[in-house]
Structures are given as structure tokens and as C-alpha cells.
Amino acid sequence: MNLRMRTWHLLAGAAFGLTSAWAVAQDAPESLLPKMFDEPARPAATPTPAAPPSRPNAPSSAAPSSASPAASAPHSVSTPVVQSLPMEQVPVFGADSFMTTDASGKSTLTRMPTLEELQGMSPEAFEQLLTDKLNLDMPSGARRSMEQIGLMDETEGGMSVTSLSAQNPYLVQTAIAANRGALVSRWGHILLRRALASRLQAPAGMSPQQFLALRVGLLIRMGETDAARALLQGLDISNFTPELTREAFDIYQRTADFTGMCPVLSIQGVQGAGAEWGAAQSICDAFRGSGAAALSRLEKARVSGKMARIDSLLAQKYAGAAGRSRKAVTIEWNDVDTMTPWRYGLAIGVGLTPPESAMSGAMSVSGRMYDSITALAPMVGLDRRAAASDRAGASGVLSNAAMVDLYAQVYADPDVTGDWQKRAESLRDAYTLEAPAARLSAMQSLWSGANGGDAGYARQVLTAAAAARIAPSKDLEGDAAALIASMLSAGYDTNALAWSPIVASGSEGWGLLTVAAPGRIRAVDSGAVDTYYGADDSPNKRKSAFLVAGLAGLGRIDEGTSSRYSGEWGLQLDSSSHFTTAIDRAATAGDAASVALLAGLGMQGSSWQRMTPRYLYHIVSALRTVGLEAEARMIAAEAVARA
């Protein structure tokens, strides 16, 4: 890519050099305008102009006559004629003089054209040289290796590089491709994102490009567009496959960065059958300066019916902005009742807000996807981003720090008023008020302002650091469980453990600390578990079921106790399935990356109501076996808190 950028810079510099040379040439005395456009001679300061000097070699049509009757008439002043200098004929060069094209239509730049050759190129050839699908012949030292592609290695918190190199490629492909991206667990989402973004070798029998395409595709489905783009950019565009090119298109439309797709289209070309690909190419052409032609093609696609009216108009508006066109495009959302990533990306890219009628079709998982896009989009208004952060924070796309930063921007922006400004003020009060009870009251106003579900848990993520700043006190024992749940949502397990002398055995706060406590703890008393079960008011006693499953997976109750509870409560912890067999086998082999991928596969769903105690037990147990005990504890605590 460095060579490609250098090539573009050299070509652009040469073009500017030619432009400067032509500008200097136009300063010559010879005028290229017709005589009628010449400026008239200004009148002289004296009333009688001086006679112009005669031209010594002026041509004459007849010999002078002394007896001519017109001899006394005034002579007219002839206009000087400047004869053009002889010019050397400039040879004409075509773009094929500098490129070779193979059978697949891929062009390779063989050498840089000289200034003389650029001057002799026709406009069509020059445009072909700049816009053709080029395969730059980069030296091997400048190319990036495809052996290990990722954002972080083991020293930075990633998985081992060779974790999947000996794994069955079919199992890896199934675990990634079958995952729809919506997980019930925030901590499971974070763990899966870390595994996908790790610097890994592809399994034996799977190409690096195929492995990368699988990982990027799942990150997109998870709403992690920023991580997906960063991971994809670890591979040179010249090594993209058609599948990777399509994933790149999906990334750039979801991030509203359609011009970011231009280098990919220049090298790999169109790799999709939809009309959006042609529209994206037109946007890139407008970005390069061919705005009028690009807008004409987009309008033609609308008139011909190849593209929906709203899609074409949005593309025209984006192309006009990219090419600095003055054409005004009016967007009308009439009869638009569905939303697509293409439409949404174009809309937010040009500063528009799709109406509720257009977003009504974005239900459930799709709605979570658009919330993730909105929360991460810097061009969207702060109030809309804050509203979207409820689902993005609960799912794991946004961290506690990212949510606090977002609310801080809301607080500092005088243009944001109403409920979101009040919520930002409440968050500030949760940090700055002196009395612990007052800070707790500010947090409770944020928790109660949510409508439960994902939004309620996201507000606990938002207040996690503020909750960790409250010192344990018997006066706050009644609110200890909510404070502990908030701290654990962002991983403040040490701060939460400080509340263990305050909470009563068998209480809700006790249950959270029992599964979240770091290090080895003594076996949990079954009497406390029975007390917890008796006070559990969750549907079908799901909190108690998840508590036992988590304790069994962490090894904090013995097998006899877990078997007894499993039989009495119908938890089926001892039964097996294809999934439990696969994750147990990966844990036995010490394959942390495979365990993380399979854990993500087993935690799919829209809520914790979709999770079973049996799956939770095997997931927590497998994570603890491969050394991911911290993640296992947080997932178990989240299950108890959100059941």
C-alpha cells in the first residue's frame, strides 16, 4: 500500500507539474482569444497620438505611387501578426505503455511514466492510468505477512498465536460461521471479541484469507465494526479475496465511510451483484473529481429502476458531498418502511436522521446492530448516541469508560437539553457529591430511569466506577446487591468483595460475591444456597439455578452437592450434547481460543432466558480449565444478576 500511495502521489505531482507548465505557456505574448475579445487600446495622454513606427519588412501588395489621389488620406494602423514558432511534434502515449493486464483483467503497473510521457497522454489514457484496477508490484519486504493476522498477541491480552493451528478447521469454521452475533452475556461478548481480534495462525487446511473473512464477518454481526475494520486492515488489499472484499464493503457501509472503500474497489474491483456496488463506485468517482458523471450514473440507476429511489437519492447526496458538488438533493422518506445498512450508513454519513417509520422494520437483533452503529458513529448527535448506548453498553460493544466519556460530552454540550442532560448531571453527581447516600441516590435515578432489560443493565455498567468509590457501610446494606452488580458489570471484583462482611449469608449480594470472588475460596455451605433459593423471586428460580451452575463450574461446590441440586431442581448438569462434548474436549486439550469461540456459540440469544444452566455450567467449567477463570467468574456473576 505504501508503494501504491507513493505512485498516486508521484502521478498527482506530475499532473500538477504539467498544469504549471501549461500556465506558464499561456503567459506568452500570443493571444488565443478571437480579436473581438481583445481589450481596446486605452487613449493616450496627449490629444494627438504619435504615428506608429513603420515595419521595415512589412509586406506590400503594390508599389508606392506618388500620383495616387489617396496619398493625402490618413493611413490605417495594421495589427501586428506574430508568427508561431515551429513546435516539435509530441508523441502520444497510451496507458498500456506502462501497464500489463493478465487474463483475469488485473492490471500491473510496470514502471512510472516520465513527465514527457504524461504530457503526451490523452485524457482518457490518463484517467485509465489513475482509475484502473491496478495490482501494484510491491517488493516482498514491503508486504505484510499473512501468517499471523490480528490486533494483539498473548502479551497484550490476546490468545496464543498457535491456539487454533492444530484445531480441526471444520470445527473452527462452524463455531464462527454459525454464530449470529447476538450473545446473552456482555462478558461473553467481550471474551469472544478478544479471541477474534487476537493475532492467530489459521487452522491447518484453512487459508489465512478464509480464516480472516470468518472472523471479520462475526465481528460485523456482533456490532463490532471498528474492531472488524482494524482487523481487516491488517491484510494488504492486494491479498483480498472476493469474500474479503465483500466483508470490506459491509464494514465501510456500516461505518458510513464509503470513500474508505475506494482503494479496495480500485484494486479488487466490484465483487458483488447488487446495485449498491455500482453506486459505491460512482461515489468513489465523485470523490476523485468526476462528480457530474457520477451523479448522472446514480440518477440513471434510479430512473431505470435498478436501485430504489431512496437508495439512489442518498447515494447522490453522499457523492455530491464527497465530490463537493453544488447539486441539491432532497431526501424524502415517504413509503420507506424498511432499513438496511446501506441506507443507514448513507443517511448518518450526510447528517440525516431516518424517521421512526423507516426504522420500524429494524427489530430485535437488527435493532441492536443499528444501536451499535449509532453509538460508535462520531457524526451522530450526542443525544442519539446516548440513547443507543443503552443497548450497546449492555451487549459489550461499549465499555464503562466509553459510556462515561459519552455522558461527559453530553454534560459539556450546551445544545443537549432535556432528559439526557439531566441523566448526565446525575452521573456527575454520582461521582462528585460528598455523602455516600446522595451518590447512591444519583445512581438509583439512572437505574430507575431505564425500562429494565438491556437498558437497566447498561445503566449499571455506566455507574460501575462510581459504585466502586462508595465505601462499604451497614447503612447501605439494603442496596448492597445493586451496588455489587454494578461493580461486577465492569469487572471491579476486588471493590465488590469488600462488601462481603456487610451482606448476609444466603442473600442476593452474597450470591453475587460467591461466584465473583477472585482466588480460591472454601467450599460454599449448602445451607446458604438453600436460604438463597428460598428468597429467590426470579421466574422459575432461574437465579438459584444459575448460581448452582456457576458454583459447580468454578469448583466451589463438590460434585455430590451439585448432582443433588441438579436432580432436585431439574438442572440436567450431568447430561451431555454435541456442544458440551466439543467444549469439554477443547478444554481438556488446553485450547483457550477454541473454548472462547465455542462459548460464544453456546451463549447466543436475545436474553438470559435463552440460556440453560447446563450450558452455563460447561462454559464456566471449560473457561476455568484453560486459565480464563476471571472471565468464567464474571460470566457466572452476570448470569445470576440478570436472570
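Quick notes
- Any hit, the range 236-256, residues being under 22 Å from LEU628 (Cα atoms), among the charged types (D, E, K, R) and modelled with pLDDT of 95 or more: no
- The conditions of being open to solvent by less than 10 Å² (accessible area, probe 1.4 Å), under 24 Å from ARG221 (Cα atoms), in contact with a Lys or Arg (Cβ under 9 Å, 6 or more places away or on another chain) and touching a residue at least 40 places away in the same chain (Cβ under 8 Å) are met by ALA639.
- Single unsatisfied condition, SER566 versus (1) among the hydroxyl-bearing types (Ser, Thr, Tyr); (2) over 30 Å from LEU171 (Cβ atoms); (3) surrounded by 14 or more Cβ atoms within 10 Å (Cβ to Cβ): (2)
- Verdict on SER296 being open to solvent by less than 40 Å² (accessible area, probe 1.4 Å), hydroxyl-bearing (Ser, Thr, Tyr) and either in a helix (DSSP H, G or I) or farther than 30 Å from ASN239 by Cα (or both): no
- Looking only at residues in the range 491-508 that are open to solvent by less than 30 Å² (accessible area, probe 1.4 Å) and among the aliphatic types (A, V, I, L, M), the one that is farthest from HIS189 (Cα to Cα) is ILE502.
- Qualifying residue in the range 389-398 (condition: in a helix (DSSP H, G or I), crowded, with 21+ Cβ neighbours inside 10 Å and free of Cβ contacts under 8 Å to residues at least 60 places away in the same chain): no
- Contact annotation: residue pairs with Cβ atoms under 6 Å, 6 or more positions apart or on different chains, pairing a residue in the range 510-525 that is more than 13 Å from PHE546 (Cα to Cα) with a partner that is open to solvent by 40 Å² or more (accessible area, probe 1.4 Å) and part of a loop (DSSP other than H, G, I, E, B), are LEU513/SER500.
- Considering (1) open to solvent by 50 Å² or more (accessible area, probe 1.4 Å); (2) assigned to a helix (DSSP H, G or I); (3) touching a residue at least 12 places away in the same chain (Cβ under 8 Å), the lone condition that GLN271 does not fulfil carries the number (2).
- SER544 meets all of the listed conditions (1) among the polar types (S, T, N, Q); (2) open to solvent by 60 Å² or more (accessible area, probe 1.4 Å); (3) at pLDDT 95 or above but one, namely (2).
- The requirement of being open to solvent by 30 Å² or more (accessible area, probe 1.4 Å) and in contact (Cβ under 8 Å) with a residue 12 or more places away in the chain is fulfilled nowhere in the range 308-316; no residue meets it.
- Against the list (1) hydroxyl-bearing (Ser, Thr, Tyr); (2) farther than 26 Å from GLY381 by Cβ; (3) free of Cβ contacts under 8 Å to residues at least 24 places away in the same chain, the condition SER360 fails is (2).
Rundown of residues vs (1) of a type in the set (Phe, Trp, Tyr); (2) under 24 Å from LEU462 (Cβ atoms); (3) outside any loop (DSSP other than H, G, I, E, B), yes/no style:
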| residue | (1), (2), (3) |
| --- | --- |
| GLU477 | no, yes, yes |
| ALA496 | no, yes, yes |
| PRO501 | no, no, no |
| VAL515 | no, yes, yes |
| ILE521 | no, no, no |
| THR531 | no, no, yes |
| SER544 | no, no, yes |
| GLY550 | no, no, yes |
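- Residues of the range 187-221 that are open to solvent by 10 Å² or more (accessible area, probe 1.4 Å) and of a type in the set (D, E, K, R): ARG193, ARG194, ARG199, ARG221.
- Count of the range 554-563 residues, restricted to those that are open to solvent by 60 Å² or more (accessible area, probe 1.4 Å) and within 15 Å of GLY527 (Cβ to Cβ), is 1.
- Any chance ILE176 is outside any loop (DSSP other than H, G, I, E, B), open to solvent by 30 Å² or more (accessible area, probe 1.4 Å) and out of contact with any Pro (no Cβ under 9 Å at 6 or more places or on another chain): no
- Pairs linking a residue in the range 291-306 that is without any contact (Cβ under 8 Å) to a residue 24 or more places away in the chain to a residue that is open to solvent by 50 Å² or more (accessible area, probe 1.4 Å), with Cβ atoms under 6 Å and 6 or more positions apart or on different chains, are ARG302/ARG309.
- Members of the range 228-246 found to be crowded, with 21+ Cβ neighbours inside 10 Å and part of a helix (DSSP H, G or I), listed by number: ALA228, LEU231, LEU232, LEU244, THR245
- Taken over the range 139-169, the criterion of being closer than 18 Å to ALA228 by Cβ and β-branched (Val, Ile, Thr) is satisfied by ILE149 alone.
- Flag not set for ALA471, criterion: closer than 25 Å to ARG368 by Cβ, open to solvent by 40 Å² or more (accessible area, probe 1.4 Å) and in contact (Cβ under 8 Å) with a residue 12 or more places away in the chain.
- Scanning the range 176-196 for residues that are touching a helix residue (DSSP H, G or I) at 6+ places or on another chain (Cβ under 7 Å) and charged (D, E, K, R) yields ARG180, ARG186, ARG193.
- Lone unmet requirement of (1) in contact (Cβ under 8 Å) with a residue 40 or more places away in the chain; (2) open to solvent by 50 Å² or more (accessible area, probe 1.4 Å) for LEU488: (2)
- Considering the conditions (1) under 23 Å from GLY396 (Cα atoms); (2) open to solvent by 40 Å² or more (accessible area, probe 1.4 Å); (3) in contact (Cβ under 8 Å) with a residue 60 or more places away in the chain, THR612 is excluded by exactly one of them, (3).
- As a summary of the residue check, MET152 satisfies the conditions (1) buried (at least 16 other Cβ atoms within 10 Å of the Cβ); (2) in contact with a Lys or Arg (Cβ under 7 Å, 6 or more places away or on another chain) except for the one numbered (1).
- Residue that is farthest from SER426 (Cα to Cα), among those in the range 436-467 that are open to solvent by 10 Å² or more (accessible area, probe 1.4 Å) and hydroxyl-bearing (Ser, Thr, Tyr): TYR457
- Among the residues of the range 182-237, those that are over 19 Å from GLY491 (Cβ atoms) and of a type in the set (D, E, K, R) comprise ARG199, ARG215, ARG221, ASP226, ARG229, ASP236.
- Scope the range 479-494; condition assigned to a loop (DSSP other than H, G, I, E, B) and on the phi < 0 side of the Ramachandran plot; matching residues: ALA490, TYR492
- Scanning the range 570-599 for residues that are of a type outside the set (Ser, Thr, Tyr), open to solvent by 60 Å² or more (accessible area, probe 1.4 Å) and part of a helix (DSSP H, G or I) yields HIS578, ARG585.
- Positions within the range 402-417 being under 23 Å from the mean Cα position of the chain (by Cα), under 15 Å from PRO378 (Cβ atoms) and either of a type outside the set (A, V, I, L, M) or assigned to a loop (DSSP other than H, G, I, E, B) (or both), in sequence order: ASP405, GLN409
The values are calculated or read from the model by the stated rules, or taken from the named source; none is laboratory data. The structure displayed is predicted, hence computed values, not measured ones. Cβ coordinates were reconstructed from backbone atoms using ideal geometry, including for glycine residues, and neighbour counts include every protein chain displayed. What goes into the accessible areas is simple: the full protein's heavy atoms, side chains included, and nothing from ligands, DNA or RNA. Shrake-Rupley method; radii C 1.70, N 1.55, O 1.52, S 1.80 Å.
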